[in-house]
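Some notes on the structure that comes next.
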Amino acid sequence: MGKRLAGAEKEVLVEIVRFTQRNGLKGAEGGWKDFLARNDKKFGASVCDPRKRSKDVLLAFLRTFSKDFQKYFSKLVRRQKERSAIEQYMKKFPDKISPEMKLVQLTAQHPAYRKNYNFPSYQEGWKVMREGEVTNFMNSKTMLAVDCEMVLCHDGTEALVRVCVVDSNLEVKLDELVNPLKAVADYRTNITGVSKKDLKGVTCSLVDVQKSLKKMLSKGKILIGHSLSKDLHALKVDYAWVIDTAYIFKYANLLATASASLNSLSKSVLGYAVREEGEPHNCLKDAETAMNLVIAKLKHGFNDPIEVAEKSVPESDMMKLLAHRIPVYLPCQELLKIFSGNPSIEEKIDSRTRGDYYSTCILFGDIDEVEKAFEELDGQETKDSSGRLQKHVLLKRDNGDVANFYVRKMAYGCRLNESEFSKKRLPLVEAATPTEKDNDGNEPKKAKNW
């Protein structure tokens, strides 16, 4: 075992053991509880809280892992040491913390942070970025915003196909198409804006992007994004000093654990929509909007809960109910058994299959029929993460088995008028000074055309 891991403080070892628990990691003698059951004849796994175990026991458990894992654990020790030093500084000198770093703290305090930012960075291809020294972070104000687009691959995973990074002046620092280097099942062009022909001849890889980000994030830079953990998963980058714009605002009309979409948040805070209904995502615009949201938060506070603008739902979608988390063994036509009226099944479901589950839409003749069908569904009514009503329903099959899934409304429960939007809005930050080419309608000089 490396000297760094053996010489770590007990509190650090406790966090590493907890990391193995959260990720279901096992050494030669199994997981943490398996190890205790085998090696502690007196208490076994009955006292499994790592804090109540000695440092020697914690080290003995970590020694059961392979050398590669122990090298990874050593990286975690180094990072935990750097992080602890910064956190201690923040507690000792709270008045010296930059407003930007306070938003980093606010992000880390969100209820969903621990779950969503628990990255599997022990896996192949991941990069663990160093936190750096205290001097780099105590007054850190340098921010970069990132956004990514991903495609669905034949192996069921998602792969990065475009990444954009901008600074606080909205100057483009990175705008790259990325070759996924494996077979793509669905380019999701209607969402990503990227098609197969766009990637023809593209040589930039995920590793190239990781190298670029490593240089950019040196010396205490803060990374910004909306639901940023998803982008970091796509980038396979583990980095702690982040501001997640989905976490730093309080919402008056969403559940405490819910977050608003980037488009809805932009409408409410900045006063503009990032994209119109049905328009593909624009990676660069999304990164710029995330940066503008942070600048708005820094300038105006937004400490009171805000009303989140309703996403516009096309009338055609209002005549649908979304059935999701449907077990793949359940034929979609069987779903119709539980709905009143005369519904039909949307045919295109291939791009909505995720592992053991899939989703599809139930189509009705009019909105009243949708309302009646949802109202008559027998199931527990809840809200999804965006505030839309859904029911957890059970379907008894002819063979006696019972399948369960969710049925969700397409419309949002809270409707807001323009006058109800937050009055605190920040004028848009102008992008970098355009060149003559820009005036002709092309992108700024530092952005790459594609």
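What follows is calculated from the coordinates using simple rules that are stated; it is not laboratory data. Note that the coordinates shown come from a computational prediction; the quantities given were computed from them, not determined experimentally. Because the Cβ atoms are built from the backbone with ideal geometry, glycine has one as well, and the counts that use them run over all protein chains shown.
Simple point charges give the picture: +1 on the Cβ of Lys and Arg, -1 on the Cβ of Asp and Glu, and for segment 201-330 a dipole about the Cα centre of about 660 debye.
Taking neighbour counts of Cβ atoms within 10 Å as a proxy for exposure, in what order, fewest first, do His281, His392, His154 appear?
Values: His281 21, His392 14, His154 10.
So the ranking, lowest neighbour count to highest, is His154, His392, His281.
As a proxy for reagent exposure, ranking Lys383, Lys42, Lys214 by other Cβ atoms within 10 Å from fewest up yields Lys42, Lys214, Lys383. In segment 3-92, taking the dipole from charged Cβ atoms about the Cα centre, the farthest positive-side position among Gly7, Phe61, Leu36 is held by Gly7. Considering only Gly341, Thr360, Ile326, the residue lying farthest towards the positive end of the dipole of segment 315-409 is Ile326, judged by Cα position with unit charges set on Cβ. For segment 142-193, a/c is not less than 1.5, where a ≥ b ≥ c are the root eigenvalues of the C-alpha gyration tensor, and a/b tops b/c. That puts it in the prolate class. For segment 290-301, the Karplus equation 6.51 cos²θ - 1.76 cosθ + 1.60, evaluated at θ = phi - 60°, returns couplings of 4, 5, 4, 5, 5, 4, 5, 5, 5, 7, 10, x Hz by residue, with Gly and Pro reported as x. Taking the Cα atoms of segment 315-409, the ratio Rg/Rh between the radius of gyration and the Kirkwood radius comes to 0.93. Across segment 228-235, computed HN-Hα scalar couplings (Karplus, 6.51 cos²θ - 1.76 cosθ + 1.60, θ = phi - 60°) run 4, 4, 5, 5, 5, 4, 5, 7 Hz from first to last residue, x flagging Gly and Pro. Between amide H atoms placed 1.01 Å from N, distances below 5 Å from Ser98 occur with Ser140, all of them 5 or more places distant or on a separate chain. May I ask you to evaluate 6.51 cos²θ - 1.76 cosθ + 1.60, the Karplus curve with θ = phi - 60°, for each residue of segment 76-89 and list the ³J(HN,Hα) values in order in whole Hz, giving x for glycine and proline? The phi angles translate into 5, 4, 4, 5, 5, 5, 5, 5, 5, 4, 5, 5, 5, 4 Hz. Take the convex hull of the alpha carbons in segment 3-92; its mean projected area over all directions comes to 6.0 nm². Ranking of Lys267, Lys320 by neighbouring Cβ atoms within 10 Å, starting from the fewest: Lys320, Lys267. Around the amide H of Asn253, modelled in the peptide plane, lie the amide H atoms of Val308, all under 5 Å away and 5 or more residues distant in sequence or on another chain.
Here the gap between Glu279 and Ser195, fully extended at 0.36 nm per residue and compared with their Cα-Cα distance, gives a gain of 28.8 nm. For segment 209-265 versus segment 90-122, the spacing of their alpha-carbon centroids is 11 Å. The convex hull of the Cα atoms of segment 73-201, projected and averaged over all directions, covers 10.4 nm².
For Val237, the residues whose amide H sits under 5 Å from its own are Lys127, ignoring neighbours fewer than 5 places away on the same chain, with H placed 1.01 Å from N.
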